[in-house]
1. Looking at (1) surrounded by 10 or more Cβ atoms within 10 Å (Cβ to Cβ); (2) under 32 Å from the mean Cα position of the chain (by Cα); (3) modelled with pLDDT under 95, can you tell me which one SER67 breaks?
2. Return yes when ALA23 is surrounded by 10 or more Cβ atoms within 10 Å (Cβ to Cβ), in contact with a Ser or Thr (Cβ under 8 Å, 6 or more places away or on another chain) and small (Gly, Ala, Ser) and no when it is not.
3. Return the residues of segment 16-64 that are in a helix (DSSP H, G or I), polar (S, T, N, Q) and closer than 27 Å to MET1 by Cα; say none if nothing qualifies.
Amino acid sequence: MAAKEAVLATLPESTSAEERDLALSDFYGKWLAQESSRQAAYTAEWRGRNWSTILLGARVQCQKFISRIADSSVRKKTN
């Protein structure tokens, strides 16, 4: 990630590991705040697609179940 490297490049060489971690943590927090609306839109779209897939799978399973019941009742009538 170029932005991460840019943040680390601004720090003096004498910076401790803890200070680097704090700088990256600050960078990541700012990035999350900046990208929050885009992430929220993506999450909403992702959840919508997941629910569509779940509902489609449930419909298919329901149709298979109804089909099995109908087939078994037809077989009982013919016996």
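The values are calculated or read from the model by the stated rules, or taken from the named source; none is laboratory data. As the structure is a prediction and not an experimental result, all values here were calculated from the model. Note that we place each Cβ from the backbone using ideal geometry, even for glycine, and neighbour counts take in every protein chain shown.
1. Answer for SER67: the failing condition is (2).
2. So ALA23 fits the description; yes.
3. Result: SER25, GLN34, SER36, SER37, GLN39, THR43.
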